[in-house]
Amino acid sequence: MLDCSNGMPKISQKRQQIDAENLIMTRFGREFSYTMHKEAISPVSADVVFASTRFPKYKIGANNQIVEVKEDSNVLSMKEMVARETALLLEQQKRLSVRDLASKFEKGLAAAAKLSDEARLKEAASLEKHVLLKKLRDALEALRGRVTGKNNDDVVEAILMVEALAVQLTQREGELIQEKAEVKKLATFLKQASEDAKKLVDEERSFAKAEIENARAAVQRVEEALQEHERMSRASGKQDVEELMKEVQEARRIKMLHQPSRVMDMEHELQALRVQLLQKAKHSLQLQKELAASKKGDKNAAHLYDIDGIETLGSYLRMYPCSESVPELSECSIQWYRSTAEGDKRELISGATKSVYAPEPFDVGRILQADIFIDGQTVTVMTSAPVDPAAGLGNYVEALVRRHDTEFNVVIIQTNGADNPSQSIHVLHIGKMRIKLRKGKTTMAKEYYSNSMQLCGVRGGGNAAAQAAYWQAKSGLSFVLAFESDRERNAAIMLARRFAFDCNIMLAGPDDRSAAGK
């Protein structure tokens with residue numbers, strides 16, 4: 001006992017040194033009792049009271065002193081941090097874009113790698129703690145063999161506490177191993193998710209590029225279609241305007257025909273004045289002829305035949321016998337000529353072999369003559385004055401020249417010399433480059449101005465000769481056309497000759513080109 005008593009100061013000093021050097025890694029409870037007997041010692045885990053459920057952390061301070069590191073109560077454990085980060089990622093996955101999700105996965109992968117490194121460091125620290133605990137237990141075991149009594153009991157209690165700490169450390173290591181496995185699993189998941197997100201981003205990028213290229217191609221096709229539609233609409237708009245103008249003109253004409261107006265009343269008055277003027281002109285012409293015959297003094301001998309009619313474009317001239325003793329004109333041969341006002345030169349009018357002849361525009365300013373052949377004798381008759389132009393016809397033609405195309409309603413009387421039984425109305429188009437004859441949408445003839453084309457008034461016929469024209473579209477195709485009036489016929493002939501002249505073509509009747517050129 002004396003030895004033990006003498007050794008107590010040394011034992012206490014040794015215990016304090018062990019507590020300072022080997023860092024007893026837990027704090028005792030304030031109610032810890034030092035009166036426990038060796039026989040009454042219960043299992044270690046039942047009597048050990050810890051201030052914290054976590055293994056304390058230590059660091060080496062100044063003078064190689066081991067200092068306990070106080071943990072921040074706000075710092076979350078590694079498992080809680082992983083669970084929290086995973087929950088946040090799952091929560092934000094639905095509202096993040098593909099690119100943001102990939103970025104989050106990369107950050108999570110980096111965080112998982114960081115946690116794995118921390119777990120590795122903690123594993124190393126845990127191994128060091130096991131080593132320290134083993135050394136401490138070995139020291140206490142060595143000390144227990146050298147002390148007895150109460151001090152021995154204290155040493156045994158200290159050994160039990162170290163064992164309890166070792167058990168708790170082992171449990172903590174198990175938790176760390178489990179957390180490490182979860183962290184590795186999460187890191188693997190995040191790595192795979194990051195790779196999938198990158199693949200998805202690449203696919204979305206390539207898909208977006210393809211969509212952009214398709215959109216650009218579609219926009220280009222739409223622009224080309226719009227340009228083509230604009231060009232077509234311009235061309236169709238021009239054509240529609242021309243057709244609309246034609247329809248308006250036709251509507252005006254129909255309105256003038258079916259709705260009498262002041263203009264039509266004036267036209268009727270003008271027509272009546274023309275008739276009166278025509279009658280007075282005939283009477284004046286007859287008086288002039290009688291006066292001329294009386295001056296010559298051979299009234300009975302000279303006038304076997306004579307010409308009746310007004311020497312004006314738009315009228316017709318008819319020969320008649322002056323006595324009953326002369327043969328009928330149907331029994332005689334007739335040939336019409338046009339001559340200058342002086343009468344020094346005359347030109348044959350090919351095809352004019354009837355007793356009736358309607359002057360045409362080439363006859364204006366000329367004197368018309370006719371030779372009548374009777375039993376080997378020739379009787380010549382002529383107009384008393386040159387053919388006068390129709391009033392207002394020149395201005396009317398000048399107005400038509402400004403148009404690109406002019407339409408005239410006609411009826412086909414003959415085709416290639418054969419009578420046409422149909423009396424349907426056709427439309428004759430006089431254009432700047434060509435002449436076209438159609439019925440509805442069916443084109444009967446359409447020819448450009450050429451040297452083979454001929455156009456002139458009908459040379460012979462009855463009272464309607466002034467309204468008829470002969471048109472040879474090309475060799476082997478000819479028509480005799482009846483117009484609505486003599487004014488329309490003469491205007492069509494003059495307009496076509498005007499346009500043909502602009503194309504360096506002299507448009508005339510049979511055998512009239514030399515005369516027209518002169």
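The values are calculated or read from the model by the stated rules, or taken from the named source; none is laboratory data. Model, not experiment: these values are computed from the prediction. Every residue, glycine among them, receives a Cβ derived from its backbone with ideal geometry; neighbour counts consider all protein chains shown. Remember, those area values only see protein heavy atoms, side chains included, never the ligands or the DNA or RNA. Shrake-Rupley method; radii C 1.70, N 1.55, O 1.52, S 1.80 Å.
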Exactly one of 466, 500, 445, 473 is touching a strand residue (DSSP E or B) at 6+ places or on another chain (Cβ under 7 Å), surrounded by 15 or more Cβ atoms within 10 Å (Cβ to Cβ) and not in a strand (DSSP E or B), and that one is 466
The residue that is least open to solvent (accessible area, probe 1.4 Å), considering only those in the stretch 344-368 that are at pLDDT below 85 and assigned to a loop (DSSP other than H, G, I, E, B), is 345
Filtering the stretch 452-463 down to residues that are within 12 Å of residue 507 (Cβ to Cβ) and surrounded by fewer than 20 Cβ atoms within 10 Å (Cβ to Cβ) yields 452, 454
Going through (1) within 25 Å of residue 486 (Cβ to Cβ); (2) in contact with a strand residue (DSSP E or B) (Cβ under 7 Å, 6 or more places away or on another chain); (3) not aromatic (Phe, Trp, Tyr) one by one, residue 314 fails only at (2)
Among 416, 504, 463, the single one that is free of Cβ contacts under 8 Å to residues at least 12 places away in the same chain and out of contact with any Asp or Glu (no Cβ under 8 Å at 6 or more places or on another chain) is 504
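Residue-by-condition table, conditions (1) within 29 Å of residue 241 (Cβ to Cβ); (2) open to solvent by less than 60 Å² (accessible area, probe 1.4 Å); (3) touching a Pro at 6+ places or on another chain (Cβ under 7 Å); (4) not in a strand (DSSP E or B):
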position: 370; (1), (2), (3), (4): no, yes, no, no
position: 373; (1), (2), (3), (4): no, no, no, no
position: 380; (1), (2), (3), (4): no, no, no, no
position: 391; (1), (2), (3), (4): no, no, no, yes
position: 399; (1), (2), (3), (4): yes, yes, no, yes
position: 403; (1), (2), (3), (4): yes, no, no, yes
position: 408; (1), (2), (3), (4): yes, yes, no, no
position: 413; (1), (2), (3), (4): no, no, no, no
position: 423; (1), (2), (3), (4): no, no, no, yes
(1) out of contact with any Gly (no Cβ under 7 Å at 6 or more places or on another chain); (2) within 16 Å of residue 312 (Cα to Cα) all hold for residue 486 apart from (1)
Flagged in the stretch 166-185 as of a type in the set (D, E, K, R), within 21 Å of residue 130 (Cα to Cα) and open to solvent by 80 Å² or more (accessible area, probe 1.4 Å), in numbering order, are 175
Residues of the stretch 488-515 being of a type in the set (Lys, Arg) and more than 8 Å from residue 467 (Cα to Cα), in sequence order, are 497, 498, 513
**Message:** Going by what's in this entry, would residue 146 be described as closer than 30 Å to residue 83 by Cβ and basic (Lys, Arg)?
**Reply:** no
Only one of 277, 270 is open to solvent by 70 Å² or more (accessible area, probe 1.4 Å), more than 27 Å from residue 352 (Cβ to Cβ) and either at pLDDT 70 or above or among the aliphatic types (A, V, I, L, M) (or both), namely 270
Across (1) assigned to a strand (DSSP E or B); (2) closer than 19 Å to residue 389 by Cα; (3) among the hydrophobic types (A, V, I, L, M, F, W, C), residue 481 clears everything bar (2)
Filter the stretch 425-442 for residues that are in a loop (DSSP other than H, G, I, E, B) and open to solvent by 70 Å² or more (accessible area, probe 1.4 Å); the one that is modelled with the lowest pLDDT is 441
Scanning for something more than 21 Å from residue 337 (Cβ to Cβ) and among the aromatic types (Phe, Trp, Tyr), does the stretch 444-458 turn up at least one residue?
yes
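Each row is one residue, and each column tells you yes or no for (1) charged (D, E, K, R); (2) open to solvent by 100 Å² or more (accessible area, probe 1.4 Å).
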{"residue": "187", "(1), (2)": "no, no"}
{"residue": "201", "(1), (2)": "no, no"}
{"residue": "204", "(1), (2)": "yes, no"}
{"residue": "229", "(1), (2)": "no, yes"}
- request: Could you tell me whether residue 104 is surrounded by 16 or more Cβ atoms within 10 Å (Cβ to Cβ), modelled with pLDDT under 70 and within 60 Å of the chain's Cα centre (by Cα)?
  value: yes
Of the residues in the stretch 309-329, those that are touching a residue at least 12 places away in the same chain (Cβ under 8 Å) and surrounded by fewer than 14 Cβ atoms within 10 Å (Cβ to Cβ) come to 320, 323, 327
